[in-house]
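The values are calculated or read from the model by the stated rules, or taken from the named source; none is laboratory data. Owing to the predicted nature of the structure, the values given are computational and were not obtained by experimental measurement. No Cβ is skipped: glycine too gets one built from the backbone with ideal geometry, and neighbour counts run over all protein chains shown. Protein only, heavy atoms only, side chains kept; ligands, DNA and RNA dropped before computing areas. Shrake-Rupley method; radii C 1.70, N 1.55, O 1.52, S 1.80 Å.
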Amino acid sequence: MAKKQRCQICEMHSATLRIKALKNGAEVEMHICDDCARFKGLVEKGRESESELAAFFKTASQNILGTEADSDNLQGKNLSCSNCRMPFTKFQQDGLLGCSQCYSVFQYELEPLLKRIHGSAKHIGSRPRPLRIIANQPDIEALKQELHLAISQENFERAADFRDLIRDLEQEENNKK
Amino acid sequence: MKNSTKKRSEAAEKEAIPEGLMHYFNQVPVWLDRAAEGDNIILSTRIRLARNLTKLPLPGQARREQLKSVIQKVKKAVGEIKICREMALFSKDDLPPLYKNAFVERRIISPAFSEADLPGLVAIDPDEQLGIMVNEEDHLRIQAVQAGLSLHEAWRQISRLDDELSEHLDVAFTPQFGYLTSCPTNTGTGMRASILIHLPALSMADEIDKTIKKLAPNEIAVRGFYGEGTDVVGNIYQISNQLTLGRTETSLINRLEIVADKFSEMEQEARQRLLDQQKVEIEDRIFRSLAVMKSARLMSSHEFMKYISMLLLGVDLEILSGLNPLELKKLMIYTQPAHMQIMYKSSADAQARDILRAEIVRQKINSSS
């Protein structure tokens with residue numbers, strides 16, 4: 001990885017700007033990062049560099065939801081969340097959802113995106129403790145579908161995960177009987 | 001700044017330091033302390049979970065009073081949970097900027113949390129092994145940190161805290177998508193498990209990119225020292241799971257553990273190759289680093305990390321004797337910019353800091369080697 005000049009203020013991030021400052025009456029040159037520049041009020045709004053995540057999302061949403069030109073046809077284009085009022089277009093810009101309700105309102109837009117990011121749109125991990133007591137019914141059928149999908153994609157490591165999980169769950173069920 | 005004004009502002013800052021805060025700076029984090037017992041390749045393990053409360057807008061969309069209400073709910077929950085009893089709570093507004101930076105350096109909070117101008121709260125246990133950030137990108141980011149490679153212990157600790165919190169808070173969750181997070185890259189388990197790994201031999205052999213490609217497919221991310229968006233310093237890398245949905249936490253942890261072990265093994269092999277094929281060259285680099293650490297008059301933190309990495313390698317390869325790896329790792333914490341300003345009262349001026357850093361390093365290295 002290439003060595004970059006580091007920010008002389010925070011010493012944490014790569015320097016992206018070279019500024020001239022007055023120090024004891026003499027002009028000195030400093031290399032600083034975007035964050036420090038923003039905090040020192042040295043960067044105008046709109047000139048800030050795009051975050052890694054926003055950039056990723058721009059590409060990810062464009063790939064999954066079509067190019068910007070196609071986005072006129074998007075179902076979610078005019079949608080807004082009824083709870084937090086965030087429009088879907090804002091999510092497309094910065095990649096962040098407005099509230100937990102957004103997941104239901106934008107469900108059809110989010111599912112393909114989640115599949116693209118994670119290879120799946122179905123949670124199989126842990127649940128909050130209160131829900132474990134009343135609704136801990138693992139969906140074995142859904143897991144089997146995921147298993148077949150993983151095999152068809154020749155993703156055998158992932159298939160092995162599902163195989164083990166299904167086996168454990170079936171064993172648990174049998175023990176209960 | 002005139003002297004009188006400077007004194008007044010220093011006094012104001014002193015008065016403004018919240019009670020209990022200095023405890024953290026006067027101790028070596030337990031995860032670092034215990035790391036001295038293990039190997040010096042995998043330095044530490046961390047697992048963080050992203051959680052949100054139902055209905056309330058997420059930090060990026062919420063109004064300030066809504067975020068304050070999240071803080072109140074979390075404070076109440078923490079007050080009722082036994083394992084949180086010894087945690088210290090700091091409101092972000094009460095933390096002077098310097099101390100926020102120092103918390104970032106100690107990895108208690110993230111750079112993004114420190115920088116965002118939003119109401120927030122930090123809760124930390126006395127050992128710095130468990131922590132909560134309120135109103136980072138998600139309402140809650142909870143983390144467990146352990147020394148060395150200890151993913152399963154970290155998972156046990158964090159699940160316990162998560163279970164307790166979910167008894168007291170309405171956590172946003174659906175059976176379809178799992179835990180609902182601000183960013184879809186965290187949806188599902190909301191879990192990011194990571195290890196900090198020191199890979200000097202692979203870096204020297206220019207095999208890092210090759211190794212990453214070989215060992216870290218899409219599901220594993222390799223990042224810099226302070227996490228997302230930061231650079232690699234001192235040959236220390238952060239390796240974490242990339243995916244969070246459609247897999248169980250245990251399977252994600254197991255996969256990361258395999259990759260971490262493999263990185264560690266390849267680093268050991270690269271070290272052996274250096275000893276077998278380039279013994280004089282590696283000894284030269286290590287002793288030159290030692291010489292600089294013993295004599296330099298100006299040292300930036302980046303330069304310090306470069307040399308400390310070589311000294312740690314020298315200790316591991318038994319080329320250097322008399323240096324205690326824990327003392328070296330402590331230097332890594334206490335020579336960071338904000339820590340130097342707090343602990344050694346260094347000025348904020350970068351050059352003055354570099355002079356003082358060189359002095360601290362000289363004293364420490366000369367007295368122990």
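Put a dot 7 Å past the Cα of B:Gln72, heading toward its Cβ, do the same for B:Tyr344, and the two dots end up 4.5 nm apart. The length gained by stretching the chain between B:Asp163 and B:Ala352 to full extension, at 0.36 nm per residue less their Cα-Cα distance, is 63.3 nm.
As an exercise, find the ratio Rg/Rh for segment B:244-369 from alpha-carbon atoms, using the Kirkwood inverse-distance average for Rh.
Checking Rg against Rh, the ratio lands at 1.10.
Within segment B:278-368, count lysine pairs with alpha carbon atoms under 20 angstrom apart where the residues are 8 or more positions apart or belong to different chains. For segment B:278-368, the number of qualifying lysine pairs is 12.
Using the Karplus relation 6.51 cos²θ - 1.76 cosθ + 1.60 with θ = phi - 60°, the per-residue 3J(HN,Hα) values for segment B:331-346 come to 4, 4, 6, 7, 9, 6, x, 5, 4, 5, 5, 7, 7, 10, 6, 5 Hz, with x marking Gly and Pro.
Filter the GluC sites (Glu not before Pro) in segment B:301-369 down to the DSSP loop ones having no more than 12 other Cβ atoms within 10 Å, then list what survives. For GluC sites (Glu not before Pro) across segment B:301-369 that sit outside H, G, I, E and B with at most 12 neighbouring Cβ atoms in 10 Å, the list reads B:Glu318. Between amide H atoms placed 1.01 Å from N, distances below 5 Å from B:Val233 occur with B:Phe225, all of them 5 or more places distant or on a separate chain. Amide H contacts under 5 Å for A:Ser126: B:Glu249, restricted to partners 5 or more places along the chain or on a different chain, H placed in the peptide plane at 1.01 Å from N. Spin-label pair B:Asp127-B:Lys82: with each label point 7 Å from Cα along the Cα-Cβ axis, the two points sit 1.7 nm from one another. Shielding value for B:240-250 is 6, the average number of Cβ atoms from other chains within 10 Å of each residue's Cβ. Accessible area per residue for chain B, computed on protein heavy atoms with a 1.4 Å probe, is 41 Å².
Set the Förster distance to 22 Å, then compute FRET efficiency between A:Gln145 and A:Arg116 from the Cβ-Cβ distance, nearest 0.05. After rounding to 0.05, the efficiency reads 0.80. Rounded to 0.05, the FRET efficiency of the A:Ser152 and B:Ser367 pair, given R0 = 56 Å and the Cβ-Cβ distance, is 0.30. The simple Förster model, with R0 at 35 Å and r as the Cβ-Cβ distance, assigns B:Ser295 and A:Met30 a FRET efficiency of 0.85. Annotation: amide H of B:Ile42 within the under-5 Å range of B:His198, sequence separation 5 or more or interchain, hydrogens built in the peptide plane.
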